Each structure stands twice: as C-alpha cells, then as structure tokens.
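Structure first, then comments.
The values are calculated or read from the model by the stated rules, or taken from the named source; none is laboratory data. The model shown is predicted, which means the values in this text are computed figures rather than measured ones. Ideal geometry is used to build each Cβ from the backbone, glycine not excepted, and the neighbour counts take in all protein chains shown. Ligands, DNA and RNA are excluded from the accessible area calculation, which covers all protein heavy atoms including side chains. Shrake-Rupley method; radii C 1.70, N 1.55, O 1.52, S 1.80 Å.
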Amino acid sequence: MEFGEKIKELRTKNQLTQEKFAIRLNVTRQAVSNWENNRNLPDLEMLILISSIFHISLDELILGGRNVNNMTEKLIKDGSETRRAKLTMVTTLIGAFLLFFGFACFFIKANSVEYIDAIGILHENFYLIPIGFLFIFAGMMVFIFTGIRFIIAFVAHRK
C-alpha cells in the first residue's frame, strides 16, 4: 500500500475531512492533499506526530504492510545520503589535515637552522622535504578521490 493510500485510510477511518486532519496535525489542507496524492511526503517529525496522535505504529504507517512503499524508499535514500555526506566531510577533513602537515613540513624546513658542528657533521633536517611532498600528495589524492566519488554519486542521483 502506498503512503498516500495509508494516510487517506487513516483519515477516513477516524472520520476526518482533510481540513480537520490538517488542523489536528497543525499543517495545511493542501499538505494533507499532497500526501494523499503522493505528490509530497511528510518529514520524520510529522510521521512521529501522526503515529502518536492516531495510535498507529511507525512500522505500519511507514511500511503500510509487507511491501516497501515510497515513504520507505525515501527514508532509505535519506539515510544513505546522510552517510555519504558524513563520509565526504570526514575525507575532506583528512585531506585538509594532510595538506596542512605537508606545508608545515616545508615551513619548518625553511625556517630551521642548518649547521656544521666541530667534528664536521652537517645537521640538517633534510627528511622534511620528502615527508612534506608525501603529505601533500596524499592530501591531493584524498581530494581527487572524494571529488570523483561525489561526481559519480551526483550523476547517479540525477538519473
């Protein structure tokens, strides 16, 4: 059963017009009409409110039976988009830190003192240059792969 059919069934079972149903939920009649005609779907807070006011479980309201309906698909899609956004944010932060550490290595190398001691040994932190390049390369790779993954997800979402 589609979500719109479930809302309409719930409303008629409680002998409410769209107007009275909307007043109980503090929304417009047009919102209820859009839900019933599957033009729009309520957000999660509204689903919880509907569930508590009309004493119906969220499972029954969202799933509407055994089959997956459009509300279930929306919730699944929203969850995967949230996970993808969190992953993108984390990888972006990791890339930024890698770039920062790479440039910090170059800054430290440029401002460090190099000297030859009394025995004739050169004291220089030369290892900071390859480490800096490694951090910058790793940071750029993280940004490139994150960007590619974002573009692929964007193209797949538009289809």
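Checking VAL27 against (1) surrounded by fewer than 14 Cβ atoms within 10 Å (Cβ to Cβ); (2) modelled with pLDDT of 90 or more; (3) not hydroxyl-bearing (Ser, Thr, Tyr), only one condition comes out false. Which one?
Answer for VAL27: the failing condition is (1).
Looking at (1) in contact with a strand residue (DSSP E or B) (Cβ under 9 Å, 6 or more places away or on another chain); (2) part of a helix (DSSP H, G or I), can you tell me which one VAL113 breaks?
With (1) in contact with a strand residue (DSSP E or B) (Cβ under 9 Å, 6 or more places away or on another chain); (2) part of a helix (DSSP H, G or I) applied to VAL113, the lone miss is (2).
Kindly evaluate GLY120 against the criterion of being on the phi > 0 side of the Ramachandran plot and modelled with pLDDT under 90. Explain how you work it out, then say what you get.
Values: on the phi > 0 side of the Ramachandran plot: yes; modelled with pLDDT under 90: yes.
Judged against the criteria, GLY120 is a match.
Search the range 51-81 for residues being among the acidic types (Asp, Glu) and either under 30 Å from ILE144 (Cβ atoms) or surrounded by 14 or more Cβ atoms within 10 Å (Cβ to Cβ) (or both), and hand back the single one that is modelled with the lowest pLDDT.
ASP78
Does PHE133 meet the test of being modelled with pLDDT of 90 or more and either closer than 27 Å to MET89 by Cα or not in a helix (DSSP H, G or I) (or both)?
Yes: the conditions hold for PHE133.
Does ILE151 count as part of a helix (DSSP H, G or I) and touching a residue at least 24 places away in the same chain (Cβ under 8 Å)? Steps first, please.
Values: part of a helix (DSSP H, G or I): yes; touching a residue at least 24 places away in the same chain (Cβ under 8 Å): no.
When the stated conditions are applied, ILE151 does not pass them.
Just need a number here: residues in the range 111-140 that are open to solvent by less than 100 Å² (accessible area, probe 1.4 Å) and in contact with a Leu (Cβ under 9 Å, 6 or more places away or on another chain).
7
Can you tell me which of (1) at pLDDT below 95; (2) open to solvent by less than 100 Å² (accessible area, probe 1.4 Å); (3) assigned to a helix (DSSP H, G or I) is the one GLY102 doesn't meet?
For GLY102, the failing item is (1).
Criterion first (in contact with an Asp or Glu (Cβ under 9 Å, 6 or more places away or on another chain) and free of Cβ contacts under 8 Å to residues at least 24 places away in the same chain) does LEU128 satisfy it? Give the derivation first.
On the way: in contact with an Asp or Glu (Cβ under 9 Å, 6 or more places away or on another chain): no; free of Cβ contacts under 8 Å to residues at least 24 places away in the same chain: yes.
So LEU128 fails the test.
State yes or no: is PHE107 closer than 30 Å to LEU134 by Cβ and modelled with pLDDT of 85 or more? Break it down into steps so the answer makes sense when it comes.
On the way: closer than 30 Å to LEU134 by Cβ: yes; modelled with pLDDT of 85 or more: yes.
Against the criterion (closer than 30 Å to LEU134 by Cβ and modelled with pLDDT of 85 or more), PHE107 qualifies.
When you go through (1) open to solvent by 70 Å² or more (accessible area, probe 1.4 Å); (2) more than 21 Å from the chain's Cα centre (by Cα) one by one for ARG84, which number turns out not to apply?
For ARG84, the exception is condition (2).
Across the range 134-159, what is the number of residues that are hydrophobic (A, V, I, L, M, F, W, C) and in contact with a Ser or Thr (Cβ under 7 Å, 6 or more places away or on another chain)? Reasoning before the result, please.
Step one: list which residues in the range 134-159 are hydrophobic (A, V, I, L, M, F, W, C), which gives 134-138, 140-145, 148, 150-156.
Restricting the remaining residues to those that are in contact with a Ser or Thr (Cβ under 7 Å, 6 or more places away or on another chain) gives 142, 150.
Qualifying residue count, the range 134-159: 2.
Please count how many residues of the range 39-60 are in a helix (DSSP H, G or I) and either free of Cβ contacts under 8 Å to residues at least 24 places away in the same chain or of a type outside the set (Val, Ile, Thr) (or both).
Restricting attention to the range 39-60, the residues satisfying the condition of being in a helix (DSSP H, G or I) are 44-53, 58-60.
If we keep only those that are either free of Cβ contacts under 8 Å to residues at least 24 places away in the same chain or of a type outside the set (Val, Ile, Thr) (or both) too, we end up with 44-49, 51-52, 58-60.
Residues meeting the conditions: 11.
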